[in-house]
Amino acid sequence: MVSVKFYDSVEDSLLKFAVIIAKADGKWVFCKHKERDTFELAGGHREENETILETASRELREETGAEEFEIKPVCVYSVTGKTRVVKEENVETFGMLFVADIFSFGKI
């Protein structure tokens, strides 16, 4: 079973991933996953020496082609349980949820 919790804040070093809810011209922006037949929100894992905001901005650019955008943090959340990334039952993994308005796109 997977459990999701929301937090006001956590220690920055615990934040491992970013997820971005994005809109452009009043429409929601989703990404088609290359390994699954699903549409998903932009997001991904934090790289070494990267702030969580840099992670969110990079993932938004890479996955949607966004060039000009405004991005803001919403909240911290965690996922506990087996997922495709975490294979153990009782591991709590933390991430930051962001919201973005995209003003222009380039190439993906």
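Coordinate-derived values only; no laboratory data. The shown structure was predicted, so the numbers you read here are calculated from the model rather than taken from an experiment. Every residue, glycine among them, receives a Cβ derived from its backbone with ideal geometry; neighbour counts consider all protein chains shown.
Amide H contacts of R46 (H built 1.01 Å from N, in plane; Pro and chain starts excluded): F17, A18 sit under 5 Å, all sequence-distant by 5 or more or on other chains.
Between V91 and G81, the built amide H atoms are under 5 Å apart, and every one of these is 5 or more places off in sequence or on another chain. Compactness check for the chain: Cα Rg over 2.2 N^0.38 Å is 1.08.
Extension gain, C75 to V91: 0.36 nm times the residue separation minus the Cα-Cα distance gives 3.8 nm.
For the chain, modelled as a GNM whose springs connect Cα atoms under 10 angstrom apart, the maximal fluctuation among A66, A18, A56 occurs at A66. Restricting the chymotrypsin sites (Phe, Trp or Tyr not before Pro) of segment 1-47 to loop positions (DSSP other than H, G, I, E, B) with no more than 16 neighbouring Cβ atoms within 10 Å leaves F30. Measuring between alpha carbons in the structure, the pairs from K5/K27; K32/K72; K23/K107 lying more than 19 angstrom apart are K5/K27; K32/K72.
Remark: the D101-S9 segment gains 30.8 nm on full extension, using 0.36 nm per residue and subtracting the alpha carbon distance. In order along segment 40-54, the phi-based Karplus estimate (6.51 cos²θ - 1.76 cosθ + 1.60, θ = phi - 60°) of 3J(HN,Hα) comes to 9, 6, 5, x, x, 8, 6, 9, 4, 6, 10, 6, 5, 5, 5 Hz; Gly and Pro are listed as x.
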